[in-house]
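The values are calculated or read from the model by the stated rules, or taken from the named source; none is laboratory data. Please read these numbers as outputs of a predicted model, since none were measured by experiment. When we count neighbours, we look across all protein chains shown, and the Cβ atoms used for this are built from the backbone with ideal geometry, even at glycine. Keep in mind that these areas ignore ligands, DNA and RNA; they rest on the heavy atoms of the full protein, side chains included. Shrake-Rupley method; radii C 1.70, N 1.55, O 1.52, S 1.80 Å.
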Amino acid sequence: MTPSTEAAGPPAPSRADLPPRADQAATLVARNQLSPDAQLLRFESEGPLRVLPGQFAMVRVGGGGLLRRPYSYCDLLDDGAFTLLVKEVGVGTRALMNLPVGGEVSSLGPLGTTFDLPPPDLTPVIVAGGVGIAPFVLFCRRLAQSGRRGIVLLGGRRRPDLYLWDAFERFGMDVRVASEDGSAGHHGLVTALLDAALADAGRPFLYSCGPTGMLLRVAELATAAGVPHQVSIERRMGCGMGCCLGCVVWARPPSGGPEEYLRSCTEGPVFDAETIAWDRDPHPL
Amino acid sequence: MAEEKSATLDMGVEVAGLRLPTPLIAASGTFGYGDEYREVADYECIGAISVKGLYLEPREGCPPPRIWETPSGMLNAIGLQEVGIRRFLAEKLPAVRELGKIVIANICGSSLEEYGELAKILDQAEGVSAIEVNISCPNVAEGGIEFGCDPDMAARATEVVRRGTRLPVIPKLSPSASDMAAVARRVAEAGADAVSLINTIPAMAVDVETRRPRLANVVGGLSGPAVRPIAVRMVWEVARGSRLPVIGMGGIANAEDALEFLLVGAAAVQIGTMNFVDPGVWRRTFDGLAAYCRRHEVAALRDLTGTMRSGTAG
Ligand SMILES: Cc1cc2nc3c(=O)[nH]c(=O)nc-3n(C[C@H](O)[C@H](O)[C@H](O)COP(=O)(O)OP(=O)(O)OC[C@H]3O[C@@H](n4cnc5c(N)ncnc54)[C@H](O)[C@@H]3O)c2cc1C
Ligand SMILES: Cc1cc2nc3c(=O)[nH]c(=O)nc-3n(C[C@H](O)[C@H](O)[C@H](O)COP(=O)(O)O)c2cc1C
Ligand code: FES
């Protein structure tokens, strides 16, 4: 492996470079049951929508609790439709998964920071687990559109949890999978595939999203190997707009300066992994 | 449009010497430093913005988890993470001033001296129209709620702020005080121009599977529709029991909710948690209030304050 010696990737875009935000009605037009507890939902929003990979929406759905819930945009389709990959964990996710086709939600977005395309000489290596897979569909679509290829490592408990495996293959990615029960690919954790992937990539640029344990392990390996690494962090969110301060992560601000609690909805959810104080902030949701 | 409507219907209110074009104020701690929602909220419907609570120095706040949803409400223990008064004035205030909104600075101190010092600094600042004195935050170790529960302490905090500034002074009362009207009377004597209420109600939730508290701080403050009937009762008590104008808040989601507060005696209202849920709340509430005034043939919205009738609804 020849890790990059460059400190990090392209600078994070400032708010001014990010697409405009709006609170729009969106209609559910199709549902695809991916596993017993996960669905891919396709929505059409009432107005135009521009989204960069890694950004998320705060979605409000009838019967889904008081506060909106954050979901990564999974994919953005040419006709302005978008998809969400949703896994059932509680009242909000359940309400989305029970929404009849034709039903409406209100969707506030796009919010937060983005996964940046890697510099031309680096190969993207993506590590995703569970619904952390979601943001990488749009990311790989953009990679493919700019003629780039990369390695995608997917992890889950069982084969059905390796969501949208085929979508990544359609974008020309080198997909490698791991399942904890051995029903697909490597028997064990997805991070076991990382060393080989980094070696195959030559000069890798890492991207990760998924359970905290997975992110920690990827961050450790990336730091040890000196590989640049962007990570998307999931926190409970009250507003998604930078105002409740409920979603914070202890990290170094992008502008430099000492560590402080940064808002994962605004300074994140995508962070340069090396700016996060993992030891101080491995916290439970 | 706010202007068009004002030709026939006056939606303006006056409270603590402030002339607000609409009775709706963004509640402290739920609207950042004021410009965060500019792309999605209808600022035309917002009469003033109370910014995130300020201390002299920046504060790191409580560790996460800081929020938890409860039935029709939310708990928060943010612990007043904030940038400090100097960075607020240098970096945050210019952006919100550009929006042309009336800015209310919300201050908190860990000592009486700190309240006084903040008042003096704000008095010199251009673009701050009033000071809301948070003597009711449930999530900080010292100051905050301690001041708000004891009428003497509340009066002393109000007094030091009053001495430090010519700006209108609006103590924000704690729902934990045993007699809020008594606190209101004391802060009135100490020079307050109005009071605002309620701040969040100390509350907690437990994850029974892990047997751990939902919030790292264990206790947080409850806000949202869950607290509204309590808040309405408190505004009623304070409005009846003191001569100070009252700014009411607690779970307001629409015009009908806002009207409850106005009818029991509030001169203006604040909206917090429900703006998170739906930034369209400003437009909807404003339009609903205007429609109510027309339906009830009220020419000026301010005439509704304190007009609850006796007897019960039929
Ligand atoms: C930036 C971001 C992107 C996300 N993208 C997706 C996505 O693409 N697909 C998807 O299915 N989920 C995603 N999530 C997680 C999703 O927001 C939560 O699963 C959802 O809020 C839970 O709501 P609920 O009402 O179903 O569960 P609740 O009843 O609120 O909680 C049930 C359980 O979920 C946990 N939880 C609550 N909020 C969050 C949260 N924000 N993140 C993670 N767990 C949470 C709680 O701690 C609890 O254990 C994302 C979260 C963030 C912050
Ligand atoms: C996340 C959050 C942060 C808050 N921060 C402050 C604060 O800094 N200062 C303050 O005076 N009140 C603060 N509050 C209280 C609100 O201003 C308001 O009094 C309370 O939430 C009740 O109104 P609501 O139900 O409309 O939210 C905060 C409330 C929430 C939910
Ligand atoms: S979710 Fe409210 S500040 Fe991030």
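Taking the stated definitions as given, is residue A:103 of a type in the set (Gly, Ala, Ser) and either in contact with a Leu (Cβ under 6 Å, 6 or more places away or on another chain) or surrounded by 17 or more Cβ atoms within 10 Å (Cβ to Cβ) (or both)? Spelling it out, residue A:103 is indeed of a type in the set (Gly, Ala, Ser) and either in contact with a Leu (Cβ under 6 Å, 6 or more places away or on another chain) or surrounded by 17 or more Cβ atoms within 10 Å (Cβ to Cβ) (or both). Which of the following residues is among the polar types (S, T, N, Q) and either within 11 Å of ligand 1 (Cβ to nearest atom) or free of Cβ contacts under 8 Å to residues at least 12 places away in the same chain (or both): A:123, A:113? Within the list A:123, A:113, the selection yields A:113.
Could you list, in sequence order, all residues of region B:161-174 that are assigned to a loop (DSSP other than H, G, I, E, B) and within 18 Å of the chain's Cα centre (by Cα)? First the steps, then the outcome.
Looking only at region B:161-174, we keep the residues that are assigned to a loop (DSSP other than H, G, I, E, B), and these are B:165-168, B:173-174.
Across region B:161-174, the qualifying residues are B:167, B:168, B:173, B:174.
In the set B:30, B:70, only one residue is among the hydroxyl-bearing types (Ser, Thr, Tyr) and touching a Phe, Trp or Tyr at 6+ places or on another chain (Cβ under 7 Å); that residue is B:30.
Checking the conditions here, which among B:262, B:244 is part of a loop (DSSP other than H, G, I, E, B) and among the hydrophobic types (A, V, I, L, M, F, W, C)? Can you show your working first?
Details: B:262 fails: part of a loop (DSSP other than H, G, I, E, B).
One residue alone meets the criteria, B:244.
Among the residues of region A:256-283, the ones that are among the hydrophobic types (A, V, I, L, M, F, W, C) and surrounded by fewer than 19 Cβ atoms within 10 Å (Cβ to Cβ) come to 2 in all.
Quick one: which of B:227, B:277 is buried (at least 21 other Cβ atoms within 10 Å of the Cβ), within 26 Å of residue A:245 (Cα to Cα) and within 16 Å of ligand 3 (Cβ to nearest atom)? Steps first, answer last, please.
Working: B:227 fails: within 16 Å of ligand 3 (Cβ to nearest atom).
Answer to the check: B:277.
Can residue A:258 be described as assigned to a loop (DSSP other than H, G, I, E, B), more than 16 Å from ligand 3 (Cβ to nearest atom) and either in the same structural domain as residue A:72 (by TED's automatic domain parsing) or at pLDDT below 95 (or both)? Taking the combined requirement at face value, the residue satisfies it.
Each row is one residue, and each column tells you yes or no for (1) open to solvent by 20 Å² or more (accessible area, probe 1.4 Å); (2) within 12 Å of chain B (Cβ to nearest Cβ); (3) not in a helix (DSSP H, G or I).
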residue	(1), (2), (3)
A:215	no, no, no
A:227	no, no, yes
A:231	no, no, yes
A:241	no, yes, yes
A:244	no, yes, yes
A:254	yes, no, yes
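Inspect region B:193-207 for any residue being without any contact (Cβ under 8 Å) to a residue 24 or more places away in the chain and surrounded by fewer than 21 Cβ atoms within 10 Å (Cβ to Cβ) and give the result as yes or no. Yes, region B:193-207 contains a residue that is without any contact (Cβ under 8 Å) to a residue 24 or more places away in the chain and surrounded by fewer than 21 Cβ atoms within 10 Å (Cβ to Cβ). Regarding residue A:235, is this residue closer than 30 Å to residue B:73 by Cα, of a type in the set (D, E, K, R) and either open to solvent by less than 10 Å² (accessible area, probe 1.4 Å) or away from ligand 2 (no atom under 16 Å from the Cβ) (or both)? In short, no.
Each row is one residue, and each column tells you yes or no for (1) part of a loop (DSSP other than H, G, I, E, B); (2) within 14 Å of chain A (Cβ to nearest Cβ); (3) within 16 Å of ligand 3 (Cβ to nearest atom); (4) modelled with pLDDT under 95.
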{"position": "B:139", "(1), (2), (3), (4)": "yes, yes, yes, yes"}
{"position": "B:148", "(1), (2), (3), (4)": "no, no, no, yes"}
{"position": "B:159", "(1), (2), (3), (4)": "no, no, no, no"}
{"position": "B:176", "(1), (2), (3), (4)": "yes, no, no, yes"}
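Would you confirm, using the coordinates I've provided, whether residue B:251 is surrounded by fewer than 18 Cβ atoms within 10 Å (Cβ to Cβ), in a loop (DSSP other than H, G, I, E, B) and not β-branched (Val, Ile, Thr)? No: the conditions fail for residue B:251.
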